[in-house]
Amino acid sequence: MQGPLSDIVVLDLSRALAGPHGAQMLGDLGATVIKVEHPDGGDESRGWGPPFVGPSGDISTYFLSANRNKRSLTLDLKSEEGTELLTRLIRQSDVLVENFRTGVLDRLGFPVERLHELNPRLVILSITGFGHDGPEGGRPGYDQIAQGEAGLMSLTGPSPAEPYRVGASIADLLAGIHGAYGVLAALYERERTGRGKVVRTSLLASVVGVHSYHGTAWTVGGKVPGAGGNHHASIAPYGAFRCADGMIQIAVANDVQWRKLAALLGIDPATPKYAVNRERFTHRDELIADIEKALASHDRAHWLAALAGEGIPAGAIRTLDEVYAWDQTRSQDLVVTVDHPELGVIELPGSPLRFDGEPPAEHLAPPALGQDNQAVLDWLAKREA
């Protein structure tokens, strides 16, 4: 693998989604990622589906989503042989990623102190559900539970009475993203200090960390935000609107854009209840009704073209098959091709990062369970020599 982290070795002890996603991001940047899995079934996400694919119908597309650019090594961490091999791997790694429940790694004989005794330069990423300490620090965490506990579901859905989960496992994914950027910061600091440190995040922290203006609405403004459906909590008009054959999205962020939209739709932009954002938001229900009354005269294609012509931000609501077929998606290298040992050549969602002056990276397919056992052992012996 080529990339900014091509000299970094990541030991990935994590499973499911949060930790594997973070380790995959490091692999996308060129790191050598060794995914340690139990010989009996491996990462539990290998069994999560449907959909399942492959000649035997037993390969989880869920697992494929979070494990590209990794090597799979099977290891029983509770065995004497597994403990010995893990010890050797720790000595040769730059980063260790784990998302065990609090205390599990300690019970396996690898508390933080022991890890840094084996390798003082080791950066340790620890992802938990609700934090490693505090009154509920040992609590197990799963994405939907964290979405509810961290307030995200209260902001999502058609109304405060109907909280919805975000369709993607966003708490897991954000924890992986936050963890990966914490690792990069710790690696940078290691260049000065010569020592690694522990980077901690959680599903709870990662969701609270992106509350943004919803958070300050309460902490500063004293207002508890609630679900507003497909419309913005502070800006109007900004959301999804019905036209003759379905829905489009329109985002008006300032009064200049508003005046253009109003002229296009035949609405008086200077009427007091719509003249500025504060008033537009106060009268949002009336504004939505007036906009949709105007939009009903034409179909989506007409309005998207007309809005684009006026420079008004707008867009379609695409299904995933449409997203991956879209030329713009592919132009950004957001679809990558890999050669899977059982599936052959397949396409996967790609990394969101691009680096100027570098060609698109070549990626490794998510590994079959234990496919790299001998290769990793050979690599380890060579490193130790």
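The values are calculated or read from the model by the stated rules, or taken from the named source; none is laboratory data. All values derive from a computational prediction rather than experimental measurement. A quick note on method: Cβ atoms are made from the backbone with ideal geometry, for glycine too, and the neighbour counts reach across all protein chains shown. Protein only, heavy atoms only, side chains kept; ligands, DNA and RNA dropped before computing areas. Shrake-Rupley method; radii C 1.70, N 1.55, O 1.52, S 1.80 Å.
When the range 114-135 is filtered for residues that are over 19 Å from GLU81 (Cα atoms) and open to solvent by 50 Å² or more (accessible area, probe 1.4 Å), the ones remaining, listed by number, are GLU117, PRO120, ARG121, HIS132, ASP133, GLY134, PRO135. The residue pairs whose first member lies in the range 228-246 and is at negative phi and free of Cβ contacts under 8 Å to residues at least 40 places away in the same chain, whose second member is surrounded by 13 or more Cβ atoms within 10 Å (Cβ to Cβ) and among the hydroxyl-bearing types (Ser, Thr, Tyr), and whose beta carbons are closer than 9 Å, counting only pairs six or more residues apart or on different chains, are HIS232/TYR238.
Only one entry of GLY47, GLY54, GLY30 meets the criterion of being open to solvent by 20 Å² or more (accessible area, probe 1.4 Å) and at positive phi, and that entry is GLY54. If the condition is being in contact with a helix residue (DSSP H, G or I) (Cβ under 7 Å, 6 or more places away or on another chain) and open to solvent by 60 Å² or more (accessible area, probe 1.4 Å), then the range 188-208 contributes only LYS197. Taken across the range 249-257, residues that are part of a helix (DSSP H, G or I) and either buried (at least 16 other Cβ atoms within 10 Å of the Cβ) or among the small types (Gly, Ala, Ser) (or both) do occur, with at least one present. It is to be established whether one or more residues within the range 289-299 are of a type in the set (Lys, Arg) and either at pLDDT 95 or above or closer than 18 Å to LYS260 by Cα (or both). Checked against the condition, which is being of a type in the set (Lys, Arg) and either at pLDDT 95 or above or closer than 18 Å to LYS260 by Cα (or both), the range 289-299 yields at least one hit. Taken over the range 28-53, the residue count meeting the criterion of being at pLDDT 95 or above, more than 24 Å from THR87 (Cα to Cα) and assigned to a loop (DSSP other than H, G, I, E, B) is 3.
Are any residues in the range 122-174 among the hydroxyl-bearing types (Ser, Thr, Tyr) and in contact with a strand residue (DSSP E or B) (Cβ under 6 Å, 6 or more places away or on another chain), and if so, which ones?
Taking the range 122-174 as the starting set, the residues that turn out to be among the hydroxyl-bearing types (Ser, Thr, Tyr) are 126, 128, 142, 154, 156, 159, 164, 169.
Listed by number, the residues that qualify are SER126, THR128.
Within the range 93-113, not a single residue is of a type in the set (Phe, Trp, Tyr), open to solvent by 40 Å² or more (accessible area, probe 1.4 Å) and either modelled with pLDDT of 95 or more or not in a loop (DSSP other than H, G, I, E, B) (or both).
For the range 280-348, which helices (runs of 4 or more DSSP H) that fit wholly inside it have 2 or more residues that are of a type in the set (A, V, I, L, M, F, W, C) and open to solvent by less than 40 Å² (accessible area, probe 1.4 Å)?
Working: elements: 284-295, 300-309, 320-325, 327-331.
Correct list: 284-295, 300-309.
Yes or no: the range 223-232 includes at least one residue that is in contact with a helix residue (DSSP H, G or I) (Cβ under 9 Å, 6 or more places away or on another chain) and open to solvent by less than 20 Å² (accessible area, probe 1.4 Å). Scanning the range 223-232 turns up at least one residue that is in contact with a helix residue (DSSP H, G or I) (Cβ under 9 Å, 6 or more places away or on another chain) and open to solvent by less than 20 Å² (accessible area, probe 1.4 Å).
For the range 342-351, the criterion of being closer than 21 Å to THR32 by Cα and touching an Asp or Glu at 6+ places or on another chain (Cβ under 6 Å) is met by at least one residue.
Filter the range 264-279 down to residues that are assigned to a helix (DSSP H, G or I) and free of Cβ contacts under 8 Å to residues at least 40 places away in the same chain and give me whichever is most open to solvent (accessible area, probe 1.4 Å).
ARG278
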